[in-house]
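Written below as structure tokens is the structure these notes are about.
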Amino acid sequence: MIINPVQFGLAGKHKHKDTKAIQQALNLAKKHPGSIVYIPAGTYHIKRALTIFEGTTLFLNEAAVLQRHGKDALLKNGYRYGQYHGYRGNGHLRIIGGTFDMNGSRIPDNNTAMCIGHAEDIVLYNVTIKDVVGGHGIDACGVDGLIITRCNFEGFLDINGDRSFSEAIQLDIQVPGAFPKFGTRDGTITKNVSISECYFGPSETPSFNSWNRAIGSHATRHNQYYEHLSIFKNTFHQTGDYALTPLKAKDVYIMDNHFIDCTGGIRFLGTKDDKNTADIQSGWITGPQSGTHVNIINNRFDGNMKKDAVHIRNYKNIQHQDVVVADNVFNEAHQHLHLEDIDQLIVQQPSLSAKQVKLKNITNEILILK
């Protein structure tokens, strides 16, 4: 079934009619899983977050804009008080085309454009998210199977200077404080992620620069891992911090990306003895944990970097396992690698001098340098 919200009174530039019409279309799609809700060309004002349900495709004309006209997010996949568990929320979603405009220059309230939690099989294709204040472009919290390709993330404002950790795409875990929109805090973590051919940078709106971080995580728990992360063929432009900040992950592939004038390139950390090492059930603080199988291959780093191009370390000498840094292009002599707390390290970077690579607490390494 193809559903056009025009039949429910979609008007354009009318926050009451537009929000109501699109939500009615999404509600009808809920009754007919597999339906497509089609948004025609035009600008539509959204006063509160739209809710999308199981098995729905939201297809926007390339000239369609959903523009925020309230303090809420633009799209979420659950009811506010919905008690979703595991990956059994509203999944199998397709979001295709159009622009999600958070309208931050007019509504400078902190929020996230898309909030996707407790779900499996989520695809975003050819979507633009722009002008976010403080929050994320996408918060993927407890998602198994996330594909984001050929999307643009343009324009972020850290209005109070206290959101240095905000990512355009946050890969998240369902724990207290992480995902306020809906669902249970049962430790469900995001895994099986592919992000490719996307652009992260500033928008044309004055004061809206690139996000501080493009893709990353800043929460986890004991024995919980972000797994199977593939980040490839993306462009990261002028991020205000490390562009990529994966946290305590397994099977990470960062390949064929282009970093342009970013403050830092890639940072990979484990956990120390704080809330990120708490046991999900008991809440007891345990101890540091590390990641495994991290591959940083054939990326290009251009421009000045105040921070390291690649920075990998952990805490209390607990080592990451199996790290490969190979065939990357570092185009500035002052770009550096900091590699610490690693067992089984391969560095194949014959254009780099030993002075550009800092090693600490490394065992079983193979180094091919200038």
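The values are calculated or read from the model by the stated rules, or taken from the named source; none is laboratory data. This structure is a prediction, so every number in the text was calculated from the model and none was measured. Reconstructed Cβ throughout: ideal geometry from the backbone, glycine too, with neighbour counts over all protein chains shown.
Details
- Candidates Glu62, Glu54 - the one that is in a loop (DSSP other than H, G, I, E, B), acidic (Asp, Glu) and within 19 Å of Gln174 (Cβ to Cβ): Glu54
- Long-range neighbours under 7 Å by Cβ, at least six apart or interchain, first residue at positive phi within region 130-150, second outside any loop (DSSP other than H, G, I, E, B) and of a type in the set (Asp, Glu): Asp131/Asp101; Gly145/Glu120; Gly145/Asp121
- Flag if Arg163 is at pLDDT below 95, touching a strand residue (DSSP E or B) at 6+ places or on another chain (Cβ under 9 Å) and either basic (Lys, Arg) or under 14 Å from Leu74 (Cα atoms) (or both): yes
- Where a residue in region 237-251 is in contact (Cβ under 8 Å) with a residue 12 or more places away in the chain and its partner, wherever it lies, is part of a strand (DSSP E or B) and among the hydroxyl-bearing types (Ser, Thr, Tyr), with Cβ under 6 Å and at least six apart: Lys248/Thr271; Ala249/Tyr226; Lys250/Thr292
- Flag if Ile173 is among the β-branched types (Val, Ile, Thr), at pLDDT 95 or above and surrounded by fewer than 24 Cβ atoms within 10 Å (Cβ to Cβ): no
- Of all residues in region 189-201, exactly one satisfies the criterion of being among the polar types (S, T, N, Q) and surrounded by 21 or more Cβ atoms within 10 Å (Cβ to Cβ), namely Thr190.
- Scanning region 345-354 for residues that are part of a strand (DSSP E or B) and polar (S, T, N, Q) yields a count of 1.
- Scoring Gly82 on the criteria (1) touching a Phe, Trp or Tyr at 6+ places or on another chain (Cβ under 6 Å); (2) modelled with pLDDT of 95 or more; (3) surrounded by fewer than 19 Cβ atoms within 10 Å (Cβ to Cβ) leaves a single failure, condition (2).
- Conditions (1) more than 18 Å from His45 (Cβ to Cβ); (2) buried (at least 24 other Cβ atoms within 10 Å of the Cβ); (3) out of contact with any Cys (no Cβ under 9 Å at 6 or more places or on another chain): number failed by Phe100: (1)
- Selected residue (criterion: nearest to Lys275 (Cα to Cα)) from residues of region 202-218 that are more than 13 Å from the chain's Cα centre (by Cα) and surrounded by 22 or more Cβ atoms within 10 Å (Cβ to Cβ): Ser210
- When residues of region 247-292 are limited to those that are modelled with pLDDT under 95 and aliphatic (A, V, I, L, M), the one farthest from Ser194 (Cα to Cα): Ile285
- The set of residues from region 317-344 being part of a strand (DSSP E or B) and either over 27 Å from the mean Cα position of the chain (by Cα) or acidic (Asp, Glu) (or both) comprises Asp322, Glu340, Asp341, Asp343, Gln344.
- Number of the exception - Val37 against (1) surrounded by fewer than 18 Cβ atoms within 10 Å (Cβ to Cβ); (2) more than 21 Å from Phe182 (Cα to Cα): (1)
- Cβ-Cβ distances below 8 Å connect the following pairs, each with a first residue in region 50-70 that is on the phi > 0 side of the Ramachandran plot and without any contact (Cβ under 8 Å) to a residue 60 or more places away in the chain, a second residue that is polar (S, T, N, Q) and not in a strand (DSSP E or B), and a separation of six or more residues or different chains: Gly55/Ser35.
- Single match in Gly183, Gly283 (criterion: among the small types (Gly, Ala, Ser), surrounded by fewer than 17 Cβ atoms within 10 Å (Cβ to Cβ) and either part of a loop (DSSP other than H, G, I, E, B) or more than 14 Å from the chain's Cα centre (by Cα) (or both)): Gly283
- Residue selected from region 166-180 under the condition touching a Phe, Trp or Tyr at 6+ places or on another chain (Cβ under 9 Å) and touching a residue at least 60 places away in the same chain (Cβ under 8 Å), by the criterion nearest to Ala113 (Cα to Cα): Glu167
- In the condition set (1) of a type outside the set (A, V, I, L, M); (2) surrounded by 24 or more Cβ atoms within 10 Å (Cβ to Cβ); (3) out of contact with any Phe, Trp or Tyr (no Cβ under 7 Å at 6 or more places or on another chain); (4) not in a loop (DSSP other than H, G, I, E, B), Phe153 is compliant with all but (3).
- Which listed residue is out of contact with any Lys or Arg (no Cβ under 6 Å at 6 or more places or on another chain), buried (at least 17 other Cβ atoms within 10 Å of the Cβ) and of a type outside the set (A, V, I, L, M, F, W, C), from Asn298, Asn317, Asn331, Asn257: Asn257
- Restricting Leu352, Leu359 to residues that are over 28 Å from the mean Cα position of the chain (by Cα), at pLDDT 95 or above, over 29 Å from Asp172 (Cβ atoms) and buried (at least 16 other Cβ atoms within 10 Å of the Cβ) narrows the list to Leu352.
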